[in-house]
Amino acid sequence: MDTFISQLISQSGVLTLQQIVMHIVASAILGLAVYLSYWYTHTGTSYSRKFNVSLLTLAILTGTVMTVIGNNIVLSLGMVGALSIVRFRTAIKDSRDTTYIFWSIIIGICCGVGDYLVAGIGSAVVFVVLLILGRVRNENRILLIIRGSKALSSDIEKLVFSYFNKKALLRVRNTTRDHVELIYEMPRSIWQLNYKSETDIADALYALNGVEYVNTVTQSDEISG
């Protein structure tokens, strides 16, 4: 029992100043790869400079923590207990952001224990994959919302189907005693057919003399913050 306790308390080895600097600097250098990859794959409103800087600092901080812990079981258990009380409530705007968070943490863990080769090779592979596939975007969908007289329901549907070659999908149909509201969903590539017509779909619908409003909404899977 005494031997087990002494093994828990004992340090596995004292790092030199050079080793400590190497761990942290390696975390920072590979963290820059995460920074550049995130900057390249996120454009427009989906790019968050603050989040990108956080990814870089996360790699450095994780590397620093792992350098402190080393192979000391007591310190590792204490660190787990300390971090377990922390609650994060940051909203993830893009599912890819989770990948970048894990990437930064893994870099810090590998560099913190001195496995620079594993961290470098892993980061290089992830960097190339995200470089090739990271700019893939879900095609935005267009919602066409039409409200008009219930008696014109059939005429509205025929007009919409003719404009978009029957590829506009009717998602919602709301009715009252005198009115009907129709919501169509279509990819942006199908919506482009509207620009190829001589008359805009909205003008054609208003020409039916019974349509109250025509709204178009761009729907995206990304959460804006």
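The values are calculated or read from the model by the stated rules, or taken from the named source; none is laboratory data. All values derive from a computational prediction rather than experimental measurement. Note that each Cβ is placed from the backbone with ideal geometry, even for glycine, and that neighbours are counted across all protein chains shown.
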Problem - Residue that is modelled with the lowest pLDDT, among those in region 1-43 that are under 18 Å from the mean Cα position of the chain (by Cα) and not in a helix (DSSP H, G or I) - result: THR43
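Here is a yes/no grid of residues against (1) β-branched (Val, Ile, Thr); (2) in contact with a Leu (Cβ under 9 Å, 6 or more places away or on another chain):
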site	(1), (2)
VAL128	yes, no
LEU143	no, no
GLU157	no, yes
HIS179	no, no
LEU182	no, yes
SER189	no, no
Handout entry: Flag for SER153 being touching a Leu at 6+ places or on another chain (Cβ under 8 Å) and at pLDDT 85 or above
Key = yes
Practice task
Could you look through region 143-176, keep only residues that are basic (Lys, Arg) and assigned to a helix (DSSP H, G or I), and pick out the one that is farthest from GLU198 (Cα to Cα)?
Solution key: LYS150
